[in-house]
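Heads up, the thing below is written out as structure tokens.
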Amino acid sequence: MNISDLLNSDLGKQIISGIGGQTGTSASQTSSVLSAALPAILGGLQKNATEGDGDGILSALQSHDGNMLDNLTDFLGNKNAVAADGNGILGHVFGSQLGAVQNGISKKSGVDAGKVSNIIAMAAPVVMGILGKQQRSVGVKDTNGLTDMLGSLLGGNGNNNIGSNILSSLLDRDGDGKVEIDDVADILGGLFGKK
């Protein structure tokens, strides 16, 4: 299953409805943000995994085993705990460049950056739960398996450039297909640097 399949599935509709209900955003706003944010989160995880944090991500997936997907409404109802977990995940994935990624998602989705921040904080633990469930179902035990799994969810075949390409498109401010060197070169350079 890739991102577009996920968002169009029954689970995707539950995620959109549940997160929208907790953040006060419409289904179209929530869906638009998630369409941009989920590939960014997965791309960030994939990039981190290929740059030496695969074991850390695999370890984090142990505590996000996907059980909450069986009762998503109750899980998302614990808004403060979910958002705190989500902000921790996002901080680890994006580091000091989280604000730049949020602004990129805001521009791409047309949704206010403050709402984007709330939506992706709620979404991050759900993404980790989906990954945790997928990890167990396909038996991923090492970094190579992890990057392949992330790549397939991104619609590729484990290609290590997918995460970079998605983030580049998010940070392309004027939509011309080029990331502006003057403003974003250091964002991409430092996006997944050591924290």
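The values are calculated or read from the model by the stated rules, or taken from the named source; none is laboratory data. If you're wondering where the values come from, they're calculated on a predicted model, not measured in any experiment. Positions of Cβ are backbone-derived with ideal geometry, glycine not excepted, and every protein chain shown enters the neighbour counts. In case anyone asks, the SASA skips ligands and DNA or RNA and just uses the protein heavy atoms, side chains included. Shrake-Rupley method; radii C 1.70, N 1.55, O 1.52, S 1.80 Å.
Before moving on, here are some points about what is shown:
- Within segment 121-135, backbone nitrogen closer than 14 Å to the virtual label 7 Å beyond the Cα of GLU51 toward Cβ: none
- Hydrodynamic radius by Kirkwood, which averages 1/r over all alpha carbon pairs of segment 1-42, in angstrom: 10.1
- Protection proxy ranking of 49-56, 5-12 - average other beta-carbon atoms within 10 Å, highest first: 49-56, 5-12
- FRET efficiency estimate (nearest 0.05) - Cβ-Cβ, SER26 to ALA81, R0 41 angstrom: 0.95
- Each residue of segment 103-150 gets 86 Å³ once the volume of the Cα convex hull is shared out per residue.
- The peptide list 128-139, 96-107, put in order of mean Cβ contacts within 10 Å with the highest first, becomes 96-107, 128-139.
- Debye-sum result for segment 72-113 in log10 I(q)/I(0), which assumes one identical scatterer on each alpha carbon, at q = 0.19, 0.21, 0.27 Å⁻¹: -0.69, -0.78, -0.89
- Packing-based ranking, highest mean first, of 17-24, 118-125, 57-64, 78-85 given that Cβ atoms within 10 Å are counted: 118-125, 17-24, 57-64, 78-85
- For segment 5-117, the equivalent ellipsoid built from the Cα gyration tensor has semi-axes of 22, 19, 13 Å, listed from largest to smallest.
- Restraint check, LYS107/LYS141; LYS108/LYS141; LYS47/LYS108, Cα-Cα greater than 30 Å: LYS107/LYS141; LYS108/LYS141
- Heavy-atom accessible area per residue - segment 60-139, 1.4 Å, Å²: 43
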